[in-house]
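In what follows, a structure is listed as structure tokens, so that the remarks can point back to it.
No lab work stands behind these numbers, since they all come straight from the coordinates. What you see is a predicted model; the values in this text were computed from it and never measured. No Cβ is skipped: glycine too gets one built from the backbone with ideal geometry, and neighbour counts run over all protein chains shown.
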Amino acid sequence: MKILKLILVVFLLLGGGVLYAQVRVVNGHVLDENNEALPGVTVAEAGNVKNAVSTDEKGNFRLTLKDKNSALRFTAIGYLPKTADAKDGVLLTVTMEPDVKGLEDVVIVGYSRQKKITNTGSVSSIKAEEIKSVPTSSLQNALVGRLPGFFSQQRSGQPGSDAAAFYIRGVNSLNGDSQPLIVVDDIEYTYEQVAQMNVNEIETITILKDAATTAIYGLKGANGVLVITTKRGKIGKPRINLATETGLNKVIRLPSYMDAYTTAMLQNEAYVNDSYGLSTPLALPWSASDLQKFKDGSDPYGHPNVNWNELILNKSSMQSRTNLDISGGNGIVKYFTSLGYFTQDGILKDFEPANPSDNVVANYFYNRINFRSNIDITPIKSLNIHFNGNGRFETINNPGGVLDGDGLFQELQTFRGLSPFAMPAINPNGTYGYANQAWGNGNPNPITRLANGGYRRNFNNNFNIDLGADQKLDFITTGLAARVTVSYAANTNENRAITRLAGELPVYYYNAAANTYTIRNSAQYRFPIFNSNISNGAFNNRTILQGSLSYDRAFGVHHIYSLALVNQNSYVNGGNVPQNYRGLTGKLGYDFKRKYLLEFNIIRNGNDLFRKEQRYGVFPVVSAGWNLSEEGFFKKTLPVFDLFKIKGSYGLVGSDKSYPGTILNAIQYNVSGGSTYFGNGVSEGALVNPAITWEKERKTNIALETVLFNGKLTFNADYFYAYRYDQLIAQGDVPTLIGQALPQKNIGITDNRGFELETSFKHKIGKVSYSVGGNVSYAKNKIVYFSEAPDYPYLARTGTQIGLTQGYRSIGFYQLSDFEANGAVKAGIPKPLWSTIQPGDLKYADLNGDGVITTADQTLLSKPNLPTTNFGTNLSLSYKGITLNTLVQGAFGYAVQINAQGSDAFNSNIRPWHLERWTPETAATATYPRLGFNATTNINNLSDKTTSDFWFVNASYVRLKSVELGYQVPGKWLSKVGFINSCRVYTAGYDLLTIRNVGKFDVDPEIASGRANAYPLTANFTLGLNVGF
């Protein structure tokens, strides 16, 4: 026994000596291309990735090697991998080389990341650093023109409501289901929520466009996905960054109106036209004396001439933004904390209320507070725990004294309420008037309404938390990892209104001739008290649970990666029944020498909105790529190419956004309140369709991706085709004589095809660095099948684009030669029957040839109101700390329709285009129909009564979207201060110049649809300062 113990002791001592001999400790220092310390570099033992550390804030590392012959492998985002031999007793210094070719860049591809060189999906991304100085309050406004496949339209310039609607690769749904899914750090966001984000919090913005990248989101992936990742802490000492800017918002274009004299003169002309065919002409509203007084301004109270736009609106307003963030960390804890404040004023002038103590702010304004805290904890090398907490609190203010339901800017266009002679700006005794003419709507003066009407205010609050853990499972097998994430997002919105009823404000008609005042409401001589109203807005929350197992490992020249993911998404909106989504995802990918690439995805998910038997769907995808630049023959033949990759994908995705909250399984019966001989009456409801399912889309993508001349030149091209079917639409091909309302069915079909081109070039000449780039996106949809039974082929929607308006095709004006001597339209000339036609009226095409204009002559007009082509081109220059960045953006291939107050004479105030109206003298050159005042006799020429392509214009525009000029203060200057590490000053502008083509209607091409009643767009100018401590 003693001998055995002695042998055991000797064995342990010898074994320990061998182990000790094999253990080596290596110390080193890692530098970047500027010979500055590079923190956060992963240093791993070659052949044993389990044994790894990260460099600290000074670029230092210490690693104990398990194999005495091992080398070290250094990796970092944005740098080329590097391998170095470990030497005993020598401090190892390694200098990393930037990845100028971008081949090692990592892209977001849905619940995972992948290197650009091996990615087979269609992805476009941008770093937030590139757009953080763009002076706009909404994130999506800064993206247009920068990302291929990103289409947007900014419909309003109102503070807090100026965010552009955006789409990925256009639209392809008959139900308006076109909004992409938005995911921010694994939390779903809405359009409104992403507009509230502070760009200072963001690291990267990525759009996923094809099936290979979006199918993983199953029922939510058909419209593309916008993925945002936020900033995280990095190893290093605490860094404090302060960014502040202030700026001016200048109105780009306000509508221009004719003065009182011109308006009165044209109103007389309209009355003359309204007398056409009458035995007794109508009395004119204005005499020659009236016209003279309007013209010379001799009677400003009895014959006022008020430009309400100039009286009520400023031409500019102010905005400011301040952000403070702190970041840093060590090998165990890393953190990023940010706090931001943004404020933007409106363009209303401030009017003194009747009671100065009212103390209410009636102007438009927008205030927003953003906060975020992202924390990463690494208690052991193989485990990372993250916690993200963030929120936004915003206030949007609107004036309470607005009477028109479509807003103040429609009021300003309305002739019957605010014509230039509706009332004086103020009465001689300091009181206010109202629109008291026979044609007036009786509205009180807008000044007193805005000064004393109070406000309507929205408070929108959003709070999100995200907790997760990533565990490496290399002890099971190298490359295996698990991830668990729990997120919760809540929105709590409140609406508060403190208003007075505008109809109860004391206003007076002043008779200048008699010098008398007549109150509008004899029972209301005093200002009424304010009414206070508080109501709840959105109140909802979303909980997401995710668990995944991933595998990523290289076996020599073979690389295999996979993902298995389970997720559940529960959405509760107010007191409604929760909606639950659940899914399983599987991904398997392989590449050989990063040359031949293949990936499979299969997803099974669904929600409890549908019947149990139809609750889940399966979405398979395959993608592949061939990197020719890794082939020997290609390298020899075309050595200038760093990357030449052909890739493609095909798969199925889905969308359930447009479906009803309740799906009925049985016909509902309605019991009437009355009674019959047999008792209460009962009627049968509409037939039901319990088999409703989601929209499905087959996506095809073929792409070429190239990099040349050591990363200086890039060129990418994509062709895509999307076939969307099972769209829920009405059964329009079934005759109504069956006597029963039919349910909607999944029978609609559309397709969408297009291409994207993107290129960039960067170079350096001496101390001047420059880059130029551009992108073009084209997407055009078509209705493949629409359930219909048109009387004529030209009424069919099948074969046309989505979103076309039905109406008449205008072919000019009726001329004097079209009429008999008695004023009747000559035989053989088609005419409508809805009103008496006279010379100068719009003439419409008789498409069915029956000699009469009826609804059977309507067809689908013009183009949709979403561009089919979008482009952007950018230029960047830098020299000794001075930088200049510009972006030019444009859109083509769409139409603008305006109507009612936005277009029609005497529905709208008189606009410049009304001067080009038809008269016998201008018959050959007129661009607008003859004027009329009576809506009944003039129905043929009213845009909102008789829709025609006359009120459409093919729109296109090019904007100088943004310009930024900045200066980075040299470090040697700052070293004298001591506590300041960096300092940059800049000035920037947004929407600075627009070249547009909207024909006779002088309107903004983005917001001109409908009644042109939107808050005007503004050009923004800012001066900013960024300081790092």
Partners for Lys863 among aspartates and glutamates (Cα-Cα distance below 12 Å; same-chain residues under 8 apart left out): Asp949
Relative pair counts by distance (%), Cα atoms of the stretch 23-95, 10 Å bins: 22, 59, 19, 1
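Taking Cα atoms of the chain, Rg/Rh with Kirkwood Rh, to two decimals?
Values: Rg = 34.3 Å, Rh = 33.2 Å.
Here the Rg-to-Rh quotient is 1.03.
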Degrees between helix 2-22 axis and first principal axis of the chain (Cα, 0 to 90, nearest 10): 50
Per-peptide average of other Cβ atoms within 10 Å, ordering 547-558, 985-996 highest first: 985-996, 547-558
Residue order, fewest to most beta carbons within 10 Å, for Ser298, Ser570, Ser54, Ser903: Ser298, Ser570, Ser54, Ser903
DSSP-assigned coil residues among chymotrypsin sites (Phe, Trp or Tyr not before Pro) in the stretch 880-984, each with at most 11 further Cβ atoms within 10 Å: Phe979
Residue-wise HN-Hα coupling along the stretch 56-61, computed from phi with Karplus coefficients 6.51, -1.76, 1.60 (Hz; x: Gly, Pro): 7, 5, 9, x, 8, 8
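Counting other C-beta atoms within 10 Å, which of Lys657, Lys293 has the fewest, and how do the rest follow? Walk me through the intermediate numbers first.
Working: Lys657 17, Lys293 23.
Exposure proxy ranking, most exposed first: Lys657, Lys293.
Students often get this wrong, so check it: of Lys58/Lys472; Lys647/Lys712; Lys645/Lys762; Lys132/Lys220, which have C-alpha atoms separated by over 24 Å? Display every interim value, and only then the final one.
Details: Lys58/Lys472 26 Å; Lys647/Lys712 22 Å; Lys645/Lys762 20 Å; Lys132/Lys220 29 Å.
Beyond 24 Å: Lys58/Lys472; Lys132/Lys220.
Taking the Cβ of Ile326 as the centre, find all other residues whose Cβ is under 15 Å away and add up their charges (Lys, Arg: +1; Asp, Glu: -1).
Details: positive: Lys231, Arg232, Lys234, Lys237, Arg239, Lys334, Arg372; negative: Glu57, Glu201, Asp325, Asp376.
Net charge in that neighbourhood comes out at +3.
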Table column - 3J(HN,Hα) (Hz), the stretch 362-375, Karplus curve with 6.51, -1.76, 1.60, x for Gly and Pro: 9, 6, 5, 7, 9, 10, 9, 10, 10, 9, 8, 9, 10, 10
Dipole of the stretch 106-233, positive direction: furthest Cα of Leu174, Ser112, Gly224, with charges on the beta-carbon: Ser112
Inter-centroid distance (Cα atoms) of the stretch 980-1029 relative to the stretch 216-248, Å: 22
Karplus-derived 3J(HN,Hα), 6.51/-1.76/1.60, for each residue of the stretch 119-124, Hz, glycine and proline x: 6, 10, x, 9, 9, 10
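List the trypsin sites (Lys or Arg not before Pro) within the stretch 366-464 that DSSP assigns to loop and that have no more than 15 neighbouring Cβ atoms inside 10 Å. If you can, show how the numbers build up before the last one.
Numbers: sites: Arg368, Arg372, Lys381, Arg392, Arg416, Arg449, Arg456, Arg457; in loops: Lys381.
Here the trypsin sites (Lys or Arg not before Pro) that fit, given the DSSP loop and packing criteria, are Lys381.
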Of Asn51, Asn27, Gly78, farthest towards positive along the dipole that unit charges on Lys, Arg, Asp, Glu beta carbons give the stretch 23-95: Asn51
Cβ-based charge dipole, the chain, positive-most Cα from Ile447, Thr868, Val768: Val768
Electrostatic dipole magnitude of the chain [Cβ: Lys, Arg +1; Asp, Glu -1; Cα centre; debye, to 20]: 3740
